[in-house]
Amino acid sequence: MSYRVAIMGATGAVGQEMTRTLEQRAFPVSQIKMLASERSEGKTVVFRGRRVPVEVLTKDSFKGVDIVLSSAGAAISIEFAPAAAAAGAVMIDNTSAFRMEKDVPLVVPEVNPDRAADCFKATKNPLIIANPNCSTIQMVVALAPIHRAAGIRRLVISTYQATSGAGAPAVEEMMQQIRDLSMGKNWSDLACKNFAHPIAYNALPHIDSFLDNEYTKEEMKMVNETRKILEDDSIGVTATTVRIPVVRGHSESVNVQTHKPLTVEQIRKMIAEAPGCVLVDNVKNADYPLAIYADGRDETFVGRIRKDDSAENAFNMWIVSDNLRKGAALNAVQIAELLIERGLVKPKK
Ligand SMILES: NC(=O)c1ccc[n+]([C@@H]2O[C@H](COP(=O)([O-])OP(=O)(O)OC[C@H]3O[C@@H](n4cnc5c(N)ncnc54)[C@H](OP(=O)(O)O)[C@@H]3O)[C@@H](O)[C@H]2O)c1
């Protein structure tokens, strides 16, 4: 059996990675629709060696479509999700639009695959499965086995997030700033459209907009989405999210406090056995996860696991993954594969 798939936001950073991921995983596609804005009219996207014309997204775009992979921004998802549902298509949404809606499952296949089926019972937002925020996905892949074994009490998170997390135009802006500085321009002369300050050679403690509590939306996504995915509102979570001039791959320093004690060796064993995780933790050889080696890879890499002697049952870890793969496109495609494996979507006649 093969499926009609639509990619909403096909020309973007995540959309392009979705196309690659469908190809690489030999996803059973009978027909593909590449949807974007009027700006992309006339463009094509290559899928399996064939040039597919980009279509302008309209409410009629979903006729006959079985699965929509959406990454065109939250406002676009909100506007078009009802049309996709009316056409009987399941939408796997990469934006923040529906993640915290009660009836929308927020799914990481290695962690809570059973929740995916809930989208068929939803009444307010039917047929939508939300893909969590990129920084949350890689963290919960590593934390899920620890939570199951010892119960997580508290998380203190600092992230070092790649510029591609802000989309393809943000990467272009960073590259242009680097070129401009090398040509002798001053910081004050740099064009900054995607960020409040230059991202080149900088670290910005500002991802998404600030809220009344002075945290950013990105920080609160990590708080709320972690609790929803791990199904435990009692977990204390605090985060500082930082944008850095790395092209691809988010890195995270996570301080974990558990209810039950665990040894470092037990944690290392859990990570080594966790689906989707790779343990890279041998400091004698300077072996620890690095963004440049995670680029283009599917796995979440975990290392620098060490005891935190300043608190009871606490330890530190360093978690790295490609934000465009596991943080977005791969997780979405894995959800689609899960729906197929479980017989939850059938191709339309
Ligand atoms: N980048 C990441 O690591 C990441 C990870 C997880 C989730 N996400 C989420 O995924 C979404 C897309 O992110 P991105 O990084 O791929 O952004 P991006 O590179 O800026 O791409 C945005 C895409 O949306 C399309 N689009 C924008 N306005 C549209 C409209 N009015 N109608 C139809 N299509 C429209 C764009 O089409 P045009 O080319 O025609 O403008 C483009 O294909 C965001 O909600 C983001 O938060 C991103």
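Based on the alpha-carbon gyration tensor of region 122-206, what equivalent-ellipsoid semi-axes (square roots of 5 times the eigenvalues) come out, in whole Å, largest first?
Details: eigenvalues 265, 70, 19 Å².
Equivalent ellipsoid of region 122-206: 36, 19, 10 Å, largest first.
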(request) Report the one residue of Y288, V254, P169 whose Cα lies farthest in the direction of the positive end of the charge dipole of the chain (charges on C-beta: Lys and Arg +1, Asp and Glu -1; origin at the Cα centre). (result) P169
(message) Which one, A116, I92, Q31, is farthest towards the positive end of the dipole of the chain when Lys and Arg carry +1 and Asp and Glu -1 on their Cβ?
(response) Q31
(request) Principal axes first, then extents: for the Cα atoms of region 292-349, list largest minus smallest coordinate on each axis, whole Å, largest first. (result) 61, 29, 12
(request) Measure out, as a whole number of angstrom, how far apart the alpha-carbon centroids of region 1-33 and region 279-349 sit. (result) 21 Å
(request) As a check on your grasp of the helix formula, calculate [θ] at 222 nm for the chain: sum -39500 (n - 2.57) over DSSP H runs of n ≥ 4, divide by the residue count, round to the nearest 500. (result) -8500 deg cm²/dmol
(request) Positive end of the charge dipole of the chain (Lys, Arg +1 and Asp, Glu -1 on Cβ, about the Cα centre): tell me which of G327, V68, A311 has its Cα farthest that way. (result) V68
(message) Give me the extension gain from A191 to K269: residue separation times 0.36 nm, minus the current Cα-Cα distance, reported in nm with one decimal.
(response) 23.4 nm
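Rg to Rh ratio, region 1-149, alpha-carbon atoms and Kirkwood radius? Before the final figure, lay out the partial values.
Working: Rg = 15.4 Å, Rh = 15.9 Å.
When Rh is taken as the Kirkwood radius, the ratio is 0.97.
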(request) Run the dipole for the chain about the Cα centre, Lys and Arg Cβ at +1, Asp and Glu Cβ at -1, nothing else charged, and hand back the magnitude in debye, nearest 20. (result) 860 debye
(request) Please turn the phi angles of region 37-52 into ³J(HN,Hα) values with the Karplus equation 6.51 cos²θ - 1.76 cosθ + 1.60 (θ = phi - 60°), one per residue in order, whole Hz, x for glycine and proline. (result) 8, 4, 4, 9, 4, x, 7, 10, 10, 7, 10, 6, x, 10, 7, 9
(message) To check my understanding: the extent here is largest minus smallest coordinate of the Cα atoms along each principal axis. What are those three numbers for the chain, in Å, largest first?
(response) 60, 56, 42
(message) I want the antiparallel fraction of DSSP beta bridges within the chain, as a percent rounded to 5.
(response) 45 percent
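Find the eigenvalues of the gyration tensor of the Cα atoms of region 162-297, then list the square roots of 5 times those eigenvalues as equivalent ellipsoid semi-axes, largest first, in whole angstrom.
Calculated on Cα positions only, the semi-axes equal 33, 21, 12 Å.
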(request) Would you look at the GNM of the chain, springs on alpha carbons closer than 10 Å, and say which of T241, T58, T216 moves the most? (result) T58
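How much length, in nm to one decimal, is gained on full extension between E214 and A286, taken as 0.36 nm per residue of separation minus their Cα-Cα distance?
Numbers: separation 72, 0.36 × 72 = 25.92 nm, distance 3.67 nm.
Full-extension gain reported as 22.2 nm.
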(message) Debye calculation, C-alpha points only, no solvent: report log10 I(q)/I(0) for region 2-64 at q = 0.13, 0.21 Å⁻¹, in the same order as the q values.
(response) -0.30, -0.80
(request) Would you work out the charge dipole size for region 1-129 about its Cα centre, treating the Cβ of every Lys and Arg as +1 and the Cβ of every Asp and Glu as -1, and quote it to the nearest 20 debye? (result) 300 debye
(message) Defining a contact as two alpha carbons under 8 Å apart and six or more residues distant in sequence, what relative contact order in percent does the chain show?
(response) 19 percent
(message) If you restrict to DSSP beta bridges whose two residues both lie in region 265-349, what percentage is antiparallel, to the nearest 5?
(response) 65 percent
(request) Provide D233, D212, D118, D189 in ascending order of the number of other Cβ atoms located within 10 Å of each residue's Cβ, fewest first. (result) D212, D233, D189, D118
(message) Explain nothing, just the number: dipole magnitude of region 46-91 about its Cα centre with +1 on each Lys and Arg Cβ and -1 on each Asp and Glu Cβ, in debye rounded to the nearest 20.
(response) 260 debye
(request) Take the Cα atoms of region 17-102, build their convex hull, and give its volume per residue in Å³. (result) 108 Å³
(request) Take the chain, connect every pair of alpha-carbon atoms lying under 10 Å apart with a spring to form a Gaussian network, then pick out the residue of M222, M34, M183 with the largest mean-square fluctuation. (result) M183
(message) Give me Rg/Rg_expected for region 217-283, where Rg uses Cα atoms only and Rg_expected = 2.2 N^0.38 Å with N residues.
(response) 1.31
(request) Given the options L339, L211, L262, state which has the largest fluctuation in a GNM of the chain using a 10 Å cut-off (strictly under) for Cα springs. (result) L211
(message) Filter the chain for me: DSSP H helices, axial length by Cα at least 20 angstrom, mean Kyte-Doolittle hydropathy not below 0.5. List them by residue number.
(response) 134-150
(message) What does the net charge come to around C277 if you take all other residues with beta carbon closer than 9 Å to its beta carbon, with K and R at +1 and D and E at -1?
(response) -3
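A short reminder: the numbers here are calculations on the coordinates, not readings from a lab. Just so we're clear, the structure is a prediction, and the values are computed from it rather than from any experiment. When we count neighbours, we look across all protein chains shown, and the Cβ atoms used for this are built from the backbone with ideal geometry, even at glycine.
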